[in-house]
Amino acid sequence: MLSLSEAHHAARRFLEGVYADDSMTIVLRTESTEEYPWAWAVRFDSQEHIDGGDPGRAPSVSVVVVPKTGEVPYFPPKDMTPEEFADYASAIRPTAL
């Protein structure tokens, strides 16, 4: 099972790959990480959005799901609000545990 710091490291590696060709500087919002029984929900933003507030400089998704099993991180569906994601994440019962 991945620890919090391992989840942050996995999220960073995943996001560096996703945004490798982008001009945004990705920043993990580690203080906003949420723990679920099967995964960590790691929030992130771009430094450009944080500094300037321009929504055009914000990532289209602001959370990456990092399974505690060490599987590949992934983005939740884009159309979920943070509240909907919390309900989704709390309700899932993966078989891999």
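Just so it is clear, none of the values below were taken in a lab; they were calculated from the coordinates. Not measured: the values here are computed from a predicted model. Positions of Cβ are backbone-derived with ideal geometry, glycine not excepted, and every protein chain shown enters the neighbour counts.
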### Task
Can you tell me how much longer the chain between Ile50 and Ser32 gets when fully stretched, taken as 0.36 nm per residue apart minus their C-alpha distance, in nm with one decimal?
5.0 nm
### Task
Quote the charge dipole size of the chain about the Cα centre in Debye, to the nearest 20; the model charges only the Cβ of Lys and Arg (+1) and of Asp and Glu (-1).
320 debye
#### Entry: Karplus (6.51, -1.76, 1.60) ³J(HN,Hα), θ = phi - 60°, over the stretch 17-33, in Hz, Gly and Pro reported as x
x, 5, 9, 4, 9, 9, 8, 7, 9, 7, 10, 6, 9, 4, 5, 9, 5
### Task
Take the Cα atoms of the chain, find their three principal axes, and give me the spread along each one in whole Å, biggest first.
41, 25, 22
### Query
Of the trypsin sites (Lys or Arg not before Pro) in the chain, which ones lie in a loop per DSSP and count no more than 13 other C-beta atoms within 10 Å?
Arg29, Lys78
